[in-house]
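Participant: Here it is: the structure, laid out below.
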Amino acid sequence: MTARTSAANDRRVVPSRRPRPDGDRWLGVAFVAPQVLGVIILGVVPFLFVIWYSFNEWRPLTGEMKFIGLDNYSRLFADPTFSASVIASLLFSAGVLVLNLVIAISLAVLLNRRMKGITAFRTIFFSPVVVSVVAWSVTWGFLLAPDGGLNGALRLLGIDGTNWLADSSTALISLVVVQVFKGVGMNMVLFLAALQSVPEEIREAAQLDGASPWKSFWSITVPMIAPTILLTGILTTIGSLEVFAPVQLLTGGGPGDATNVLPFFLYRTAFVSQQFGYASAIGVVLFAIILTLTMLQWTSRRKWVHDEV
Amino acid sequence: MRATRYRGAAIALTGVLAVSLSACAGGDTDASGPADLKMALWSSNEGHLALLKKIGDAYVAEHGDEVTSITFEPVTNPDYIAGLTTQIAGGDVPDLAWIPEASGPEFVDSGILHDVRDTLKDTEGYDLDDILPAALAPWQDDKGGVYAYPFSNSPFALYINEDLLAKAGQPDVKSLVGTPNYTWETITDIAAATNSKTGAVGLNVPTFNPTNWSAVTMLGNAWGAAPWSEDGATCEFASPGMIDYLTWYQKQMSRGAIPAVSGNAAPAAFASGDVAFSIAQLSQSGSLDDSFEWSFLPLPAGPKGYHPIVGQAGVSVLERSKHQKQAAGFLAYLTNPTNAELLAQFFPPPRQSLLNVKTLSKAAPKLSPEEIQSAIIDVVPEAKVKPQHPVLSQFSDKVRAGLDPVWSGGDVKAAVTGICEQISPTLKG
């Protein structure tokens, strides 16, 4: 009797390893269900449909759909416009990635100090992030026009500007600049937060040991903000490979195919050329490119991100 | 007890989501009974919508046993055809749709549009023969089927800013009309001089940007140039006429008569008062006020003479509509002589009987009778519709990319030869 009582008491004291009661489990399901359903219905299912469409020739206006296996893919890899589009996308993405991270880190370092008015500067650099991408692009369209603001300023310096958006040697870099200044404020804020988490005493110790500010930045600050560099690198790469609005508004993919990046090529193929199946194949390849680059960045972190949270 | 309640909550939540999603998916309607018709429109102009609603309400009042309601739904996507395609691909097929002329042959060829010839012919008082053959031709097939009523048949003309020309000390352009000097060469000389003296834009095509290249290539017909052969099977971008025309166009850009292309941006608007000449249609006159003196003249002649051009829009019944019969009945009503006259207050009509100053003055009250006569009524019967092709959408982007070097001062011959190499296989089918 005593022993039984003691065992009963033990059961009350020792935490149970059994699953939680049904009620809690269903409550959890209820909370998570909308999000999971949203991801499945709006993300996973459409993506599976896109993969299926890519194996079909689909004419949306007549509703005809014919299974053609891998024909869309073999046509895609032989299409010179697709090759040009991949090159434009990769060049654009590389330009945005490098320029964005360099400027964002530089701004964050410059603005990571306590002085009067520093919040105003931070706000100025962050404000493009909250501006509509359409308004931003249209404004840059005026600035980059042959008789626009940029060439006007250059004329004051005695320099003849070019037709930035119509010249194949400057159109892509112009788009890179437009995209970088639109989004650099967000990365700057993330780097600011990361810099403020670097303990001051470590930098001071390095200085006492004779490290120059530059050496201290490269050997202490950069390794300690490496997780943020990884995060912003991945997000910026994904965002740059999905660029659409500035291309549509500023260059229309031209001149030639110089700025015909993959999302724009996909859009024109689907909605102008009415080739939904072929456009779906472009979408699947774009997804594969983004996934591959993201995985590369993620796996490479072991070599240079030593302070993962 | 608690478990049952939470399970119930989860099931209810999932149920609500499922019901919401099924509601989004829409549902089928019965095709046999009275129909609720829907018409997709490119325009969201309040005046257009009010007029269509008035005609639609009158039809429902007279034919309540066939049609219970008619909804006019503007497709707000900046690219109308992209928006319409998305809507149709999603299963939301309108019964009738506004179709721009560039998509006409493609839509007719691919069987998307419903043949309404018999309905129009059999409708009492419709008078199908009153429609100008040249206006109806792009919407017909080889067997004489009629797939749209071209409710807007609007010639391109030349708007001139007289105040700006006077300020630049240029001659009176109106006095040149009808003389051998009324040519593109004269107009661009004046445009270049105006640009040089005032800094204003010389001559522009407001609808032109590199993706809408046909707004410029269509003018090549005055050089004897066409982008492809009459049967559409042969590329003619590299023909001597087109090379001459594009070389001339390039020269005009370099001397400031025509503004340089700036990315994909639309050119300056004539209504700003800072443009000397603008090539546009009748509807643009509605956006002009009295802040400067302007005139509306026929297009000038080129080296190969005078070749007027019209832009069109048609209204069609879609083959995939569940209510083809009712929709065709409404189309016949919407475009009968009485309602065509009402529509003419916004759109130049394709009906011979309505091509008169009295009717067209309603569409453009700011134009003088002489301007309407010389730039519209005299022009429409002989005008050709902008170049169209049954598979234009499949090669339009290749032409866009191929023409870019032309706009930036590159080698015209190399550019157009490249275009023909790119698009010939598609043209030949």
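Participant: Using r as the Cβ-Cβ distance of B:Thr71 and B:Lys366, and R0 as 41 Å, what FRET efficiency do you calculate, to the nearest 0.05? Walk me through the numbers on the way to the answer.
Facilitator: On the way: r = 32 Å, r/R0 = 0.79.
After rounding, the FRET efficiency stands at 0.80.
Participant: Residue separation times 0.36 nm, minus the C-alpha to C-alpha distance between A:Glu201 and A:Val131: what's the value?
Facilitator: My answer for the length gained is 21.4 nm.
Participant: Which listed residue (A:Leu165, A:Ala226, A:Pro255) has the Cα farthest towards the positive end of the charge dipole for the stretch A:79-304, taking +1 on Lys and Arg C-beta and -1 on Asp and Glu C-beta about the Cα centre?
Facilitator: The residue sitting most towards the positive pole is A:Ala226.
Participant: On to the next question. Taking the Cα-to-Cβ direction at B:Ala50 and at A:Phe47 and moving 7 Å from each Cα, how far apart do the two end points lie in nm?
Facilitator: It is 5.0 nm.
Participant: Regarding the stretch A:108-214, what's the average projected area of the Cα-atom convex hull, expressed in nm²?
Facilitator: Dividing the Cα hull surface by four gives the mean projection, 9.9 nm².
Participant: For the protein assembly as shown, what is the Kirkwood hydrodynamic radius in Å, using each pair of distinct C-alpha atoms?
Facilitator: One over the average 1/r among Cα pairs gives 30.0 Å for the protein assembly as shown.
Participant: Taking amide H positions as placed 1.01 Å from N in the peptide plane, with prolines and chain starts having none, which residues 5 or more places from B:Asn204, or on another chain, fall under 5 Å of its amide H?
Facilitator: B:Phe277, B:Ser278, B:Ile279
Participant: Let me ask something else. If the only charges are +1 at each Lys and Arg Cβ and -1 at each Asp and Glu Cβ, what is the size of the charge dipole of chain B around the Cα centre, to the nearest 20 debye? Write out the running numbers ahead of the final one.
Facilitator: On the way: 28 positive and 47 negative charges, 249 e Å.
Value, rounded to 20: 1200 debye.
Participant: For B:Ile243, A:Ile282, what's the fewest-to-most ordering of other Cβ within 10 Å of each Cβ?
Facilitator: B:Ile243, A:Ile282
Participant: While we're looking at this one, here's another question. So if I place +1 on the C-beta of Lys and Arg and -1 on the C-beta of Asp and Glu, and nothing else carries charge, what would the dipole magnitude of the protein assembly as shown be about its Cα centre? I want it in debye, nearest 20.
Facilitator: Dipole magnitude for the protein assembly as shown comes out near 3900 debye.
Participant: Once all Cα-Cα distances of the stretch B:232-288 are split into 5 Å bins that start at 0, what whole-number percent is in each one?
Facilitator: Over the stretch B:232-288, the share of Cα pairs per 5 Å bin runs 4, 14, 17, 19, 17, 15, 9, 4, 1 percent.
Participant: Compute the normalised compactness of the stretch A:185-309: alpha-carbon radius of gyration over 2.2 N^0.38 Å, N being the residue count.
Facilitator: 1.49
Participant: A follow-up question, please. Using a Gaussian network model of chain B whose springs link C-alpha atoms within less than 10 Å, name the residue from B:Asp231, B:Asp289, B:Asp142 with the highest mean-square fluctuation.
Facilitator: Among B:Asp231, B:Asp289, B:Asp142, the largest mean-square fluctuation in the Gaussian network model of chain B belongs to B:Asp142.
Participant: Just the C-alpha atoms of chain A: what Rg/Rh do they give, with Rh taken as the Kirkwood radius?
Facilitator: 1.12
Participant: How do B:Ile70, A:Ile51, B:Ile377 line up, fewest other C-beta atoms within 10 Å first?
Facilitator: A:Ile51, B:Ile377, B:Ile70
Participant: Let me ask something additional. With a/c under 1.5 counting as rounded, go ahead and sort the stretch B:295-429 into rounded, prolate or oblate using the C-alpha gyration tensor (a ≥ b ≥ c being the square roots of the eigenvalues; past the cut-off, prolate if a/b is larger than b/c, else oblate).
Facilitator: Judged from the Cα gyration tensor, the stretch B:295-429 comes out oblate (a/c at least 1.5, b/c at or above a/b).
Participant: Taking 0.36 nm per residue of sequence separation and subtracting the Cα-Cα distance, how much length would be gained by fully extending the chain between B:Asp289 and B:Ser272, in nm to one decimal?
Facilitator: Length gained, B:Asp289 through B:Ser272: 5.1 nm.
Participant: Here is a further query. Which one, B:Ala344, B:Ser295, A:Tyr73, projects farthest toward the positive side of the charge dipole computed for the protein assembly as shown from Cβ point charges (K/R +1, D/E -1)?
Facilitator: Of the options given, the answer is A:Tyr73.
Participant: What order do you get for A:36-43, B:79-86 when each peptide is scored by the mean count of other beta carbon atoms within 10 Å, highest first?
Facilitator: By packing density, highest mean first, the sequence is B:79-86, A:36-43.
Participant: Restricting the calculation to Cα positions, tell me the Rg (one decimal) and the Dmax (whole number) of chain B in Å.
Facilitator: 24.5, 96
Participant: Quick one: order A:Trp136, A:Trp58 by neighbouring beta-carbon count within 10 Å, fewest to most.
Facilitator: Going from least to most buried by this count: A:Trp136, A:Trp58.
Participant: If you don't mind, another one. In percent, what relative contact order does the stretch A:79-304 have, based on Cα pairs under 8 Å that are 6 or more apart in sequence? Don't skip to the answer; put the middle values down first.
Facilitator: Values: 250 pairs, mean separation 69.1, N = 226.
Dividing the mean separation by the residue count of the stretch A:79-304 yields 31 percent.
Participant: What is the ratio of the Cα radius of gyration of the stretch B:219-369 to 2.2 N^0.38 Å, with N the residue count, to two decimals?
Facilitator: Output field value: 1.34.
Participant: On to the next question. Can you list the DSSP H helices in chain A whose Cα atoms extend at least 15 Å along the helix axis and whose mean Kyte-Doolittle hydropathy is -1.0 or higher?
Facilitator: A:22-39, A:80-111, A:118-130, A:133-144, A:171-196, A:226-241, A:276-304
Participant: Computed FRET efficiency, Cβ-Cβ of B:Thr426 and A:Leu231, R0 41 Å: what is it to the nearest 0.05?
Facilitator: The computed FRET efficiency comes out at 0.35.
Read the figures in this text as sums done on the coordinates, not as results from a lab. From a predicted model like this one, the values you see are computed outputs, not experimental measurements. Methodologically, a virtual Cβ is constructed for each residue, glycine included, from the backbone with ideal geometry; neighbour enumeration extends over all protein chains shown.
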